[in-house]
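Asker: This is the structure, below, for whatever I ask next.
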Amino acid sequence: MSDVSPQLIDRLVAISRALAGHIDPGSAFRATAIEIGTLIPHDHIDLAVLSQDGRMHACYEAGFHTSWSELAQHPVEGSPIRRVLWGQTPYLLSDNALVDERFHFDGAFDQPIFEARLRSRIIVPLRARGSVIGALNISRHEIGCYTQTDVAVAQQCADLIAPYIFALIQTEEARRAMLAESEARNRAELLRVGASQLTEGMERERRRMAMDLHDQTLADLARIARQVSAFRSRGIARTAQLADLEQEIAGCLAELRHIVDDMRPSVLELFGLRDAVEAHLNRSVARAKPPIAVRIADTSDGSADSLSETMRTSLYRIVQEAINNAVRHAAPGRIEVLLTSTDSVFKVVVTDDGHGCGTIDPAAQGGIGHMHTRAALVGARLRFEPAGRKGGTRVVIEIDRAPADGKPAMAAGEPISEVA
C-alpha cells in the first residue's frame, strides 16, 4: 500500500471503527456511509446485497431513501447494476446515469435513478470468500463528478466493509433459520397437544350425547312405546291422548335433529357459513328467558365460500361455542355476529352485551380451550376482548385469505337480517 496516502489510511481505519459493534447489515452500512462520504462526496449511497442463491438482492440505503429499499428483495435480473452483481464487469463508472444505456433495459428497475436524479455514479463489487456478494453504489446529482481514482478508493472501501457485512448476513440468516426451526417445533408441539385435547374433548362430547340420548330421547321413546302398548291392550285411545302422544313424538324428533345438527352441521354444507351461523344463533336464543335479540351481518361478499371445508367447519364450531357461551353464561340482552373481509383477511366477530368473561386462559380446558385449539389447528387467530365500557365480550376470529383471489375487500350494502 505504498501508493496509499496517510489520509486515506486514516479514513479506512475510521470506516473499520464505524463498523464495530453493529449486529445487522443495515445499521453497519449506515455507520460507514458518513466516513465513506469524507473520501468520496455523495448525495446518495446504497449497498446491494445478494441472496444466497444469487437470484435476489436487498438494498440498504443511507441518507434519503428511494423505492429500491421499499421492498425486502428485488430480482437481480431487473437491477440496473446487474452486470456488477453477476461479475460481468469489474465496476461501473458513469458521468450521467440518466442517459447511460447500461442502467436502462427492458424490465430494469431504474425509476429511482430518474426520481432521485442520480447522474454521476460509481458501482463497485463487494467480495467475500472469492465471490461477489453485492455492490457498493455511490451517486451524485451533478454530471461528471467521479474519476477512475474515485473508483479505486470506492473499491478499497468496499473491500474493507465486505467481510464484515458478509459475516453479519451469515449471522442473521443463521438466526432466522434457528427461529424458523424453533417455530416449526413449537407449531408441531402445539398441533400435537391441540389434536390430543381436541380428541379428548370429542370423546367427552360423545359421552355427553350418549347420556342425552339415554336420559332424554330414549327415555321419552320408551314412555311413548308403553303408551302405545297400553292403547293397543285397551283397544281404544282418546283424541286428547293421541294429541299428547303426537306432541311427545314431535319433541323427540326435535331433540334428535338438534343432536344431529351438533354432530354434522348440514346447513353449513348446504347453504354456507352465514346461514349456518344464523340458524344456530336463532336456535340458541329460541327458549331464552328473558328474550335475547340477535343480529347477523355479512359484508364479506361471500368470502367464506373461498375457504376450505375444514376451515369453514372449524370456524363454524368456534362461532358456535362463542354463541353458546354467551347464551349460557353471560345473560346478554343482545348478540351480534359480523362476517367481514379484506383482500388478505376473513374475519368473524361475535359480540354480546352480557356480564363479560374476565381474563381468558388460552390453555384452559372446556369450551374456550377447544376454541383456541380449533383456531390453532387451522392457523386462525382468536382473541377475546371487552365489548365496551359497560361490559360484554367480543370474540374475534381472523383467517388469512389466499392471495390474488380476485374478490373485493368489502361489499357495501349487503342485506342485514335482524330478529328481536
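The values are calculated or read from the model by the stated rules, or taken from the named source; none is laboratory data. Nothing here was measured: the structure is a model prediction, and the numbers come from that model. Every residue, glycine as well, gets a Cβ built from its backbone with ideal geometry; the counts of neighbours run over all protein chains shown. When the accessible area is computed, the model is the full protein with side chains, heavy atoms only, and any ligands, DNA or RNA have been set aside. Shrake-Rupley method; radii C 1.70, N 1.55, O 1.52, S 1.80 Å.
Asker: Restricting attention to segment 42-57, report how many residues are in contact (Cβ under 8 Å) with a residue 24 or more places away in the chain and touching a strand residue (DSSP E or B) at 6+ places or on another chain (Cβ under 7 Å).
Answerer: 10
Asker: While we're here: Within segment 80-125, which residues are more than 24 Å from residue 166 (Cβ to Cβ) and in a strand (DSSP E or B)?
Answerer: Result: 93, 94, 120.
Asker: Return the pairs, sorted by first residue and then second, in which the second residue is modelled with pLDDT under 95 and among the small types (Gly, Ala, Ser), the first residue lies in segment 129-140 and is under 12 Å from residue 76 (Cβ atoms), the beta carbons are less than 6 Å apart, and the residues are 6+ apart or on different chains.
Answerer: Partner pairs satisfying both residue conditions: 132/87; 134/48; 135/48.
Asker: Here's a check for you: in segment 202-241, which residue that is open to solvent by 90 Å² or more (accessible area, probe 1.4 Å), farther than 29 Å from residue 314 by Cβ and of a type in the set (A, V, I, L, M) is modelled with the highest pLDDT?
Answerer: If we take residues in segment 202-241 being open to solvent by 90 Å² or more (accessible area, probe 1.4 Å), farther than 29 Å from residue 314 by Cβ and of a type in the set (A, V, I, L, M), then 236 is modelled with the highest pLDDT.
Asker: Taking interchain pairs and intrachain pairs at least six residues apart, which have beta carbon atoms under 8 angstrom, with the first residue in segment 318-342 and at negative phi and the second polar (S, T, N, Q) and part of a helix (DSSP H, G or I)?
Answerer: From segment 318-342, the pairs are 323/284; 324/284; 327/284; 339/303; 341/303.
Asker: Could you please give the count of residues in segment 138-152 that are closer than 17 Å to residue 46 by Cβ and either touching a Lys or Arg at 6+ places or on another chain (Cβ under 9 Å) or open to solvent by less than 20 Å² (accessible area, probe 1.4 Å) (or both)?
Answerer: From segment 138-152, those closer than 17 Å to residue 46 by Cβ are 138-141, 145-146, 150-151; that's our starting set.
If we keep only those that are either touching a Lys or Arg at 6+ places or on another chain (Cβ under 9 Å) or open to solvent by less than 20 Å² (accessible area, probe 1.4 Å) (or both) too, we end up with 138-141, 145-146, 151.
Of the residues in that region, 7 qualify.
Asker: Within segment 297-310, which residues are free of Cβ contacts under 8 Å to residues at least 60 places away in the same chain and either assigned to a helix (DSSP H, G or I) or buried (at least 16 other Cβ atoms within 10 Å of the Cβ) (or both)?
Answerer: Listed by number, the residues that qualify are 304, 305, 309.
Asker: Let me ask something else. Just the residues that are assigned to a helix (DSSP H, G or I) and either touching a strand residue (DSSP E or B) at 6+ places or on another chain (Cβ under 9 Å) or among the charged types (D, E, K, R) (or both), please, taken from segment 317-338. Break it down stepwise before answering.
Answerer: Step one: list which residues in segment 317-338 are assigned to a helix (DSSP H, G or I), which gives 317-330.
Those that are assigned to a helix (DSSP H, G or I) and either touching a strand residue (DSSP E or B) at 6+ places or on another chain (Cβ under 9 Å) or among the charged types (D, E, K, R) (or both): 317, 318, 319, 321, 322, 323, 325, 326, 327, 328, 330.
Asker: Residue 131: open to solvent by 40 Å² or more (accessible area, probe 1.4 Å), of a type outside the set (Val, Ile, Thr) and closer than 19 Å to residue 90 by Cβ, yes or no?
Answerer: So residue 131 passes the test.
Asker: Among the listed residues 26, 37, which satisfies the condition of being surrounded by 15 or more Cβ atoms within 10 Å (Cβ to Cβ), assigned to a helix (DSSP H, G or I) and without any contact (Cβ under 8 Å) to a residue 12 or more places away in the chain?
Answerer: On the way: 26 fails: without any contact (Cβ under 8 Å) to a residue 12 or more places away in the chain.
Matching residue, one of 26, 37: 37.
Asker: In addition: Looking at 184, 152, 167 in this structure, which one is at pLDDT below 75 and not acidic (Asp, Glu)?
Answerer: Numbers: 152 fails: at pLDDT below 75; 167 fails: at pLDDT below 75.
Result of the check over 184, 152, 167: 184.
Asker: I would also like to ask the following. Examine segment 285-296 for a residue that is part of a helix (DSSP H, G or I), at pLDDT 85 or above, in contact with a Cys (Cβ under 8 Å, 6 or more places away or on another chain) and open to solvent by less than 30 Å² (accessible area, probe 1.4 Å), and state whether such a residue exists.
Answerer: Within segment 285-296, the first condition is being part of a helix (DSSP H, G or I), and the residues that meet it are 285.
Pick out the ones that are also at pLDDT 85 or above and you get 285.
From what is left, the residues that are in contact with a Cys (Cβ under 8 Å, 6 or more places away or on another chain) are none.
No, every residue in segment 285-296 fails to be part of a helix (DSSP H, G or I), at pLDDT 85 or above, in contact with a Cys (Cβ under 8 Å, 6 or more places away or on another chain) and open to solvent by less than 30 Å² (accessible area, probe 1.4 Å).
Asker: Mind counting the residues in segment 368-386 that are surrounded by 18 or more Cβ atoms within 10 Å (Cβ to Cβ) and of a type outside the set (Val, Ile, Thr)?
Answerer: 10
Asker: Of all residues in segment 387-408 being exposed (fewer than 14 other Cβ atoms within 10 Å of the Cβ) and small (Gly, Ala, Ser), which is modelled with the lowest pLDDT? Walk me through it before giving the result.
Answerer: Step one: of segment 387-408, the residues exposed (fewer than 14 other Cβ atoms within 10 Å of the Cβ) are 388-390, 400, 402-406, 408.
With small (Gly, Ala, Ser) added as a condition, the list becomes 388, 402, 404, 406.
On the way: 388: 80, 402: 69, 404: 47, 406: 43.
The qualifying residue modelled with the lowest pLDDT is 406.
Asker: Which numbered condition trips up residue 130, out of (1) under 38 Å from the mean Cα position of the chain (by Cα); (2) closer than 30 Å to residue 177 by Cβ?
Answerer: Failed condition: (1).
Asker: Further, regarding this structure: Within segment 69-87, can you find the residues that are open to solvent by 20 Å² or more (accessible area, probe 1.4 Å) and at pLDDT 90 or above? Can you show your working first?
Answerer: Keep residues of segment 69-87 that are open to solvent by 20 Å² or more (accessible area, probe 1.4 Å), which gives 69-73, 75, 77, 82-83, 86-87.
Hits for segment 69-87 are 75, 77, 82, 83, 86, 87.
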